[in-house]
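Here is the structure we will look at.
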Amino acid sequence: MVVVDANVIIHGRADQRFKKAYTVPEVMEEMKSSEASMKADLLDLQVSQPDPEIFEKVQERSEKIEAATSDTDEKLLALALTLDQALVTDDKDLQNLGLHLGADVEGFLEDRIDEKLEWKTVCSNCGREISSPPCRYCGCQQVRRKLD
(Lines give C-alpha, C1' and ligand atoms only; values in the text may rest on other atoms or scores of the structure.)
Protein backbone atom coordinates (compact mmCIF):
# COMPACT_ATOMS: atom_id res chain seq x y z
CA MET A 1 0.00 0.00 0.00
CA VAL A 2 1.06 3.58 -0.70
CA VAL A 3 -0.39 7.08 -0.43
CA VAL A 4 -0.86 8.75 -3.83
CA ASP A 5 -1.45 12.27 -5.07
CA ALA A 6 -3.70 13.30 -7.95
CA ASN A 7 -0.83 13.20 -10.47
CA VAL A 8 -0.30 9.48 -9.85
CA ILE A 9 -3.97 8.74 -10.42
CA ILE A 10 -4.34 11.00 -13.47
CA HIS A 11 -1.15 9.83 -15.18
CA GLY A 12 -1.31 6.25 -13.95
CA ARG A 13 -1.20 3.27 -16.21
CA ALA A 14 -2.66 -0.21 -15.89
CA ASP A 15 0.84 -1.63 -15.28
CA GLN A 16 1.35 0.36 -12.07
CA ARG A 17 3.56 -1.21 -9.43
CA PHE A 18 0.70 -1.04 -6.95
CA LYS A 19 -3.02 -1.76 -7.10
CA LYS A 20 -4.11 -0.56 -3.67
CA ALA A 21 -3.54 2.95 -2.41
CA TYR A 22 -4.67 5.59 0.05
CA THR A 23 -5.48 9.21 -0.67
CA VAL A 24 -7.34 12.13 0.91
CA PRO A 25 -10.84 13.39 -0.02
CA GLU A 26 -9.41 16.57 -1.58
CA VAL A 27 -7.55 14.50 -4.18
CA MET A 28 -10.76 12.74 -5.15
CA GLU A 29 -12.36 16.15 -5.66
CA GLU A 30 -9.63 16.87 -8.24
CA MET A 31 -10.77 13.92 -10.39
CA LYS A 32 -13.01 16.04 -12.61
CA SER A 33 -12.57 14.42 -16.03
CA SER A 34 -14.22 11.10 -16.81
CA GLU A 35 -10.79 9.67 -17.71
CA ALA A 36 -9.34 10.64 -14.32
CA SER A 37 -12.39 9.22 -12.53
CA MET A 38 -12.07 5.99 -14.47
CA LYS A 39 -8.39 5.67 -13.55
CA ALA A 40 -9.25 6.30 -9.91
CA ASP A 41 -11.84 3.52 -10.11
CA LEU A 42 -9.20 1.09 -11.44
CA LEU A 43 -7.18 1.50 -8.27
CA ASP A 44 -8.40 0.08 -5.02
CA LEU A 45 -8.40 3.52 -3.38
CA GLN A 46 -9.12 4.02 0.27
CA VAL A 47 -9.99 7.62 1.08
CA SER A 48 -8.84 8.62 4.57
CA GLN A 49 -7.99 11.61 6.72
CA PRO A 50 -4.64 12.02 8.49
CA ASP A 51 -4.17 12.23 12.23
CA PRO A 52 -4.86 15.92 13.10
CA GLU A 53 -1.74 16.19 15.29
CA ILE A 54 0.48 14.85 12.51
CA PHE A 55 -1.18 17.21 10.02
CA GLU A 56 -0.40 20.12 12.35
CA LYS A 57 3.26 19.04 12.54
CA VAL A 58 3.44 18.85 8.75
CA GLN A 59 1.97 22.36 8.45
CA GLU A 60 4.45 23.71 10.99
CA ARG A 61 7.43 22.24 9.14
CA SER A 62 6.05 23.50 5.83
CA GLU A 63 5.92 27.03 7.22
CA LYS A 64 9.39 26.71 8.75
CA ILE A 65 11.08 25.71 5.47
CA GLU A 66 8.78 27.95 3.38
CA ALA A 67 7.54 25.02 1.31
CA ALA A 68 5.32 25.80 -1.67
CA THR A 69 2.80 23.12 -0.72
CA SER A 70 -0.97 23.23 -0.54
CA ASP A 71 -3.22 22.02 2.28
CA THR A 72 -4.02 18.98 0.12
CA ASP A 73 -0.30 18.23 -0.31
CA GLU A 74 0.24 18.54 3.41
CA LYS A 75 -2.74 16.28 4.16
CA LEU A 76 -1.31 13.63 1.81
CA LEU A 77 2.05 13.74 3.57
CA ALA A 78 0.37 13.64 6.98
CA LEU A 79 -1.67 10.63 5.86
CA ALA A 80 1.50 8.85 4.71
CA LEU A 81 3.08 9.55 8.11
CA THR A 82 -0.10 8.53 9.95
CA LEU A 83 -0.25 5.19 8.12
CA ASP A 84 3.54 4.72 7.99
CA GLN A 85 3.31 4.24 4.21
CA ALA A 86 5.29 5.64 1.28
CA LEU A 87 4.02 8.79 -0.41
CA VAL A 88 4.17 8.52 -4.20
CA THR A 89 4.35 11.92 -5.90
CA ASP A 90 6.31 13.82 -8.53
CA ASP A 91 5.69 17.13 -6.72
CA LYS A 92 9.23 18.22 -5.80
CA ASP A 93 8.12 20.65 -3.07
CA LEU A 94 6.05 17.90 -1.47
CA GLN A 95 8.94 15.43 -1.74
CA ASN A 96 11.23 17.98 -0.11
CA LEU A 97 8.81 18.50 2.77
CA GLY A 98 8.54 14.73 3.16
CA LEU A 99 12.32 14.39 3.38
CA HIS A 100 12.40 17.05 6.11
CA LEU A 101 9.91 14.99 8.11
CA GLY A 102 11.58 11.63 7.55
CA ALA A 103 8.81 10.27 5.34
CA ASP A 104 9.32 7.49 2.80
CA VAL A 105 8.85 9.39 -0.48
CA GLU A 106 8.91 7.89 -3.97
CA GLY A 107 8.72 9.47 -7.41
CA PHE A 108 6.18 8.21 -9.91
CA LEU A 109 7.13 9.28 -13.45
CA GLU A 110 10.34 10.98 -12.28
CA ASP A 111 13.02 10.16 -9.72
CA ARG A 112 12.54 11.66 -6.28
CA ILE A 113 14.78 14.46 -5.07
CA ASP A 114 17.80 13.50 -2.96
CA GLU A 115 18.56 16.70 -1.09
CA LYS A 116 16.59 18.61 1.55
CA LEU A 117 16.13 22.27 0.63
CA GLU A 118 15.02 25.23 2.74
CA TRP A 119 13.68 28.53 1.45
CA LYS A 120 13.39 32.03 2.82
CA THR A 121 11.17 34.94 1.87
CA VAL A 122 12.96 37.98 0.49
CA CYS A 123 11.79 41.36 -0.75
CA SER A 124 11.63 41.49 -4.55
CA ASN A 125 12.88 45.08 -4.50
CA CYS A 126 15.75 45.28 -1.98
CA GLY A 127 16.49 41.56 -1.54
CA ARG A 128 16.36 41.58 2.25
CA GLU A 129 14.88 38.65 4.15
CA ILE A 130 11.41 39.45 5.52
CA SER A 131 8.65 37.48 7.21
CA SER A 132 5.76 38.91 5.18
CA PRO A 133 4.93 41.88 2.95
CA PRO A 134 5.20 44.81 3.00
CA CYS A 135 8.98 44.98 3.36
CA ARG A 136 9.81 46.86 6.55
CA TYR A 137 12.91 48.32 4.85
CA CYS A 138 11.58 49.66 1.55
CA GLY A 139 7.79 49.14 1.69
CA CYS A 140 7.61 46.85 -1.37
CA GLN A 141 4.61 44.51 -1.39
CA GLN A 142 6.16 41.78 -3.57
CA VAL A 143 8.17 38.91 -2.15
CA ARG A 144 9.88 35.90 -3.64
CA ARG A 145 11.26 32.63 -2.34
CA LYS A 146 15.00 32.20 -2.33
CA LEU A 147 17.03 29.11 -1.55
CA ASP A 148 18.53 29.49 1.92
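Taken as a whole, the structure places Ser37 among residues that are over 15 Å from Leu76 (Cβ atoms), free of Cβ contacts under 8 Å to residues at least 60 places away in the same chain and surrounded by 12 or more Cβ atoms within 10 Å (Cβ to Cβ).
Scan the range 73-88 for residues that are of a type in the set (S, T, N, Q) and in contact with a helix residue (DSSP H, G or I) (Cβ under 6 Å, 6 or more places away or on another chain) and jot them down. Steps first, please.
Applying the first criterion (of a type in the set (S, T, N, Q)) to the range 73-88 yields 82, 85.
The one that is of a type in the set (S, T, N, Q) and in contact with a helix residue (DSSP H, G or I) (Cβ under 6 Å, 6 or more places away or on another chain): Thr82.
Ser33: farther than 19 Å from Asp104 by Cβ, at pLDDT below 90 and either among the polar types (S, T, N, Q) or assigned by TED's automatic domain parsing to the domain that holds Arg144 (or both), yes or no? Spelling it out, Ser33 is indeed farther than 19 Å from Asp104 by Cβ, at pLDDT below 90 and either among the polar types (S, T, N, Q) or assigned by TED's automatic domain parsing to the domain that holds Arg144 (or both). The sole residue among Asp5, Asp71, Asp91 that is over 30 Å from Glu129 (Cα atoms) and among the acidic types (Asp, Glu) is Asp5. Scanning the range 93-148 for residues that are under 14 Å from the mean Cα position of the chain (by Cα) and part of a strand (DSSP E or B), we see that the one that is surrounded by the fewest Cβ atoms within 10 Å (Cβ to Cβ) is Glu106.
Note on the range 39-64: residues that are of a type outside the set (Val, Ile, Thr) and either in contact with a helix residue (DSSP H, G or I) (Cβ under 6 Å, 6 or more places away or on another chain) or closer than 20 Å to Val2 by Cβ (or both) total 16. The lone criterion from (1) at pLDDT 80 or above; (2) more than 15 Å from the chain's Cα centre (by Cα); (3) assigned to a loop (DSSP other than H, G, I, E, B) left unmet by Glu53 is number (3). Taken over the range 56-89, the criterion of being farther than 18 Å from Val8 by Cβ, touching a residue at least 24 places away in the same chain (Cβ under 8 Å) and part of a loop (DSSP other than H, G, I, E, B) is satisfied by Glu66, Ala67, Ala68. Residue under question is Glu106, and the condition is that it be modelled with pLDDT of 95 or more, farther than 25 Å from Ser132 by Cα and among the acidic types (Asp, Glu); does it hold? Considered against the rule, which asks whether it is modelled with pLDDT of 95 or more, farther than 25 Å from Ser132 by Cα and among the acidic types (Asp, Glu), Glu106 comes out as no.
The values are calculated or read from the model by the stated rules, or taken from the named source; none is laboratory data. Keep in mind it's a predicted model, so treat the numbers as computed, not measured. As a convention, Cβ positions derive from the backbone with ideal geometry for all residues, glycine included, and neighbour counts pool all protein chains shown.
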